[in-house]
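Working notes, beginning with the structure itself.
The values are calculated or read from the model by the stated rules, or taken from the named source; none is laboratory data. Because the structure is predicted, anything quoted here is derived from the model rather than measured. Here Cβ is always computed from backbone atoms with ideal geometry, including for glycine, and neighbour counts include all displayed protein chains.
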Amino acid sequence: MLDISRIKAITLDLDDTLWPIWPTIKRAEHALATWLAQRAPGAAALFADPQARLAVREHVVQTRPEIGHDLSAVRRESIRTALHRSQEDTALAEPAFEVFFAERMRVELFDDVLPALAALAARFPIVAVSNGNAHVGRVGLGQFFVDSVSSSEFGVAKPDARIFHAAASKAGVVAAHVLHVGDDGALDVLGALGAGMQTVWVNREQHAWSHAEQPHQTVENLTELMVLLG
């Protein structure tokens, strides 16, 4: 059970906790494809084939393991690889990525998010902890967060305890006084438990829990989290 009296700060996952990620990625990939079609049709055609696109990404991850934690770097290098394979200008990789990234920052929040963030931020310092490449300022939520830690900048990804400890440090508390809230059972819940935090699993789709260790609490949305915390 959750010990609310211990909570001095909250760390919060972003993708699929505050907004659905795949509609966002699909829009961003469509924007990228449209941009490339006008400037690099060979690369655009490659990315239009889901299997070919996946093969390019897997090639990048396998040949550049040092950037595997950084989704922006993987995406940028995938674009560059596609341009190279299509014998097109690899200098287009950076502006192409910026087209993708701008659209990736246009997220559609779940309905419960804004009221919950306002209420939680009034009571606790909140730090974003994400393996993705969303930026809380660019998505319009910066006012609710005291800081953020992303795997792309920090160098390791969840469920590594170090990224959770870094987030606790940014909140100015020890891990034992942090409540981590996220949707992924392995990355968020097990990772935060391993870092010595309390955890709340946000289970919007009512999935079955599939791990031996249990979250301290499960909610279906952030409105339930506000009620839980009183």
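If you check K170 against the conditions, is it surrounded by 14 or more Cβ atoms within 10 Å (Cβ to Cβ), basic (K, R) and part of a loop (DSSP other than H, G, I, E, B)? Here the answer is no, as K170 does not meet what is asked. Do we find that I21 is buried (at least 17 other Cβ atoms within 10 Å of the Cβ) and in contact with a strand residue (DSSP E or B) (Cβ under 9 Å, 6 or more places away or on another chain) in this structure? The answer is yes for I21.
Cβ separations smaller than 7 Å between residues 6+ apart or across chains give the following pairs from the range 108-127 residues that are more than 21 Å from A167 (Cα to Cα) to residues that are surrounded by 14 or more Cβ atoms within 10 Å (Cβ to Cβ) and not hydroxyl-bearing (S, T, Y): E108/W19; L109/L18; L109/W19; F110/L18; F110/W19; F110/N221; D112/N221; D112/L222. For the range 65-119, a residue qualifies if it is within 18 Å of E153 (Cβ to Cβ) and within 15 Å of the chain's Cα centre (by Cα), and the qualifying residues are G68, H69, D70, L71, S72, A73, V74, R75, F101, R104, M105. Please determine whether any residue of the range 195-207 is under 30 Å from E29 (Cα atoms), of a type in the set (K, R) and free of Cβ contacts under 8 Å to residues at least 60 places away in the same chain. No: zero hits. Considering S86, S150, the condition of being crowded, with 16+ Cβ neighbours inside 10 Å, in contact with a Ser or Thr (Cβ under 9 Å, 6 or more places away or on another chain) and either closer than 21 Å to D13 by Cα or not hydrophobic (A, V, I, L, M, F, W, C) (or both) is satisfied by S150 alone.
I'm trying to understand the selection: among the residues of the range 120-145, which are surrounded by fewer than 16 Cβ atoms within 10 Å (Cβ to Cβ) and under 19 Å from V178 (Cβ atoms)? Answer for the range 120-145, where residues must be surrounded by fewer than 16 Cβ atoms within 10 Å (Cβ to Cβ) and under 19 Å from V178 (Cβ atoms): A122, R123. Every listed requirement among (1) outside the structural domain of L36 (by TED's automatic domain parsing); (2) in contact (Cβ under 8 Å) with a residue 12 or more places away in the chain is met by G142 save one, (2). On inspection, L2 qualifies as touching a residue at least 24 places away in the same chain (Cβ under 8 Å), touching a His at 6+ places or on another chain (Cβ under 6 Å), assigned to a loop (DSSP other than H, G, I, E, B) and not polar (S, T, N, Q).
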